[in-house]
Amino acid sequence: MEYQFFKEVNKSFDKAASYTKHDKGILEQIKTCNSVYHFTFPLKKDDGSIETIHAWRAEHSHHKYPTKGGIRYSMLVNEDEVTALAALMSYKCAVVDVPFGGAKGGAKIDINNYSVDEIERITRRYTFELIKKNFIGPGEDVPAPDYGTGAREMAWIMDTYQAMNPNLNAEACVTGKPIHQGGIRGRTEATGRGVYFGLKEAVANLEDMKKLGLSTGLEGKTVIIQGLGNVGYYAAKNLYDDGAKIVGISEYNGGIYSAKGFDFDEVYAYWQEHKSLKGLEADQYFEQPNLVLEQECEILVPAALEKQLSESNAPRIKAKIIGEAANGPTTVAAHNIMKDRGALIIPDNYLNAGGVTVSYFEWLKNLSHVRFGRMDRKYEESSIMRLLNAVETLSGKSFDTDIISKVAIGPDEKDIVDSGLADTMIQSYNEINEIRKYHDTDLRTAAMISAIDKIAKSYEQLGIFP
Ligand code: GLU
């Protein structure tokens, strides 16, 4: 039977909804997808031939504007996937208090089959089609990168939108742009770094770690990572730099495992050069990459696509903590199997929200037309200096110049973005963990309860437009 991703998301929704007391009609309104647009357009290929491209944009929830979510280029894109991913966007935005409804878009293409010029034509035409139907705009719907797209595509989207709508806020029509096209420092690494902050917070919880038979902290924790794309790379890199041991890595064409842990920087450099993990020193090389996920480790981070942990492999997964960096990597059946054997599952509807959180900061930056830190960095530096001078006067002693240079620093954009991201991930973890304890449930259900409560409140307080 064909996998029905939106149905899977809705199973988690229904489970969480049963813990709430909201009106049935409101719950149905939250769950349903508000609009889906399926369109096709012709691509003129470099050799002059014409190909029909199938594309979608789903806006799952209009309880807040704009709606927000990435654009995916992959052969797996279809209406069900786009709708499910848009729903996950609504819930994760609510969980981390990012004031957007959820959306997602995509084109059914294999990027390896097209030249850069062809991808540019697809992206610009895709944007043009969205403009025609009001499915894009700073206050309507704001795309971002996702699987198969990046800053380059976002720059083309902005340029196309701006050409058709040359107004003051046009830059805010898309996020994840290159820095010099209105992007923000820290967006590229944001999802992976958010995964790291979330996992760090989870393993800091003494009570939860005791239950798992683990010590607190990341130091020495063994990690298997699936996927070395943008999210997987930055998640693993941050975990590794903070003392975790990367023992397993799986990519689409093979995987490696080493009980003593890899030099992650070396592995990544090798991967970038060869686009293969074969040939690296390891205890074992796996032709079948998914077997890596079943090896011994404490934390498993699926950072690729949906449905990677299903009932067919869940009984063999040994990890005590599952950190869902991808969207929808675990089916409901797999979730239940792993939960029943005591694993702590840190769900996608919270853990990968770092990307959209920093997208929110980028959108704010574009609308305010000023870089974070530009107005106050120097002022903060002088305030610290004034304080240090006052301490020197009172104590009659002077600070070393290197102490002064370490302390008297005003934050720049990167620092502000990073602290906003860390704060969001930490606060939200503790919020959903409290809900989990209160209802004696799991974190996925707790995050969903939090999202449902927040979205329901906006319907209940604003009323429904006649
Ligand atoms: N595509 C990312 C996600 O799935 C980011 C979305 C955004 O920044 O709007 O969360």
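The values are calculated or read from the model by the stated rules, or taken from the named source; none is laboratory data. Quick caveat: nothing in here was measured; it's all calculated off a predicted structure. Don't worry about glycine lacking a Cβ; one is built from the backbone with ideal geometry, like all the others, and counts go over all protein chains shown.
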Inset, instruction - Please identify the pairs in which a residue from the range 65-83 that is among the aliphatic types (A, V, I, L, M) has its Cβ atom under 7 Å from the Cβ atom of a residue that is part of a strand (DSSP E or B) and within 12 Å of the ligand (Cβ to nearest atom), counting only partners at least 6 apart or on another chain. - result: I71/G105; I71/G106; I71/P143; V77/G106; V82/K104; V82/G105; V82/G106
Inset, instruction - Looking only at the range 405-423, decide whether some residue is surrounded by fewer than 12 Cβ atoms within 10 Å (Cβ to Cβ), at pLDDT below 95 and farther than 30 Å from A16 by Cα. - result: yes
Inset, instruction - Could you list all residues from the range 67-104 that are away from the ligand (no atom under 12 Å from the Cβ), surrounded by fewer than 24 Cβ atoms within 10 Å (Cβ to Cβ) and under 16 Å from V356 (Cα atoms)? - result: D97, P99
Inset, instruction - Filter the helices (runs of 4 or more DSSP H) completely within the range 351-466 down to those with at least 3 residues that are closer than 30 Å to T331 by Cα. - result: 354-368, 413-439, 443-462
Inset, instruction - Might you check whether a residue that is surrounded by fewer than 24 Cβ atoms within 10 Å (Cβ to Cβ), closer than 20 Å to K177 by Cβ and of a type in the set (S, T, Y) occurs anywhere in the range 120-135? - result: yes
Inset, instruction - Could you check, for the range 47-59, whether at least one of its residues is within 26 Å of the chain's Cα centre (by Cα), hydroxyl-bearing (S, T, Y), over 15 Å from M448 (Cβ atoms) and not in a helix (DSSP H, G or I)? - result: no
Legend entry - Whichever residue in the range 155-208 is hydroxyl-bearing (S, T, Y) and surrounded by fewer than 24 Cβ atoms within 10 Å (Cβ to Cβ) and, among such residues, is nearest to the ligand (Cβ to nearest atom): T188
Legend entry - Only listed residue being of a type outside the set (V, I, T), farther than 20 Å from Y233 by Cβ and under 16 Å from the mean Cα position of the chain (by Cα), chosen from Y379, Y350: Y350
Inset, instruction - Go through the range 344-388 residue by residue and tally those that are on the phi < 0 side of the Ramachandran plot and away from the ligand (no atom under 16 Å from the Cβ). - result: 21
Legend entry - Pair list, Cβ < 8 Å and 6+ apart or interchain, from the range 358-372 residues that are over 15 Å from K68 (Cβ atoms) to residues that are within 16 Å of the ligand (Cβ to nearest atom) and in a helix (DSSP H, G or I): R371/K365; F372/F361; F372/K365; F372/V417
Legend entry - the range 260-308, subset among the basic types (K, R) and under 26 Å from the mean Cα position of the chain (by Cα), residue farthest from L239 (Cα to Cα): K307
Inset, instruction - Name every residue in the range 327-338 that is assigned to a helix (DSSP H, G or I), in contact (Cβ under 8 Å) with a residue 60 or more places away in the chain and either within 12 Å of the chain's Cα centre (by Cα) or buried (at least 19 other Cβ atoms within 10 Å of the Cβ) (or both), in order of residue number. - result: H335
Inset, instruction - Collect the residues in the range 51-66 that are farther than 19 Å from F128 by Cβ and either surrounded by 21 or more Cβ atoms within 10 Å (Cβ to Cβ) or within 12 Å of the ligand (Cβ to nearest atom) (or both), keeping them in residue-number order. - result: H60, S61, H63
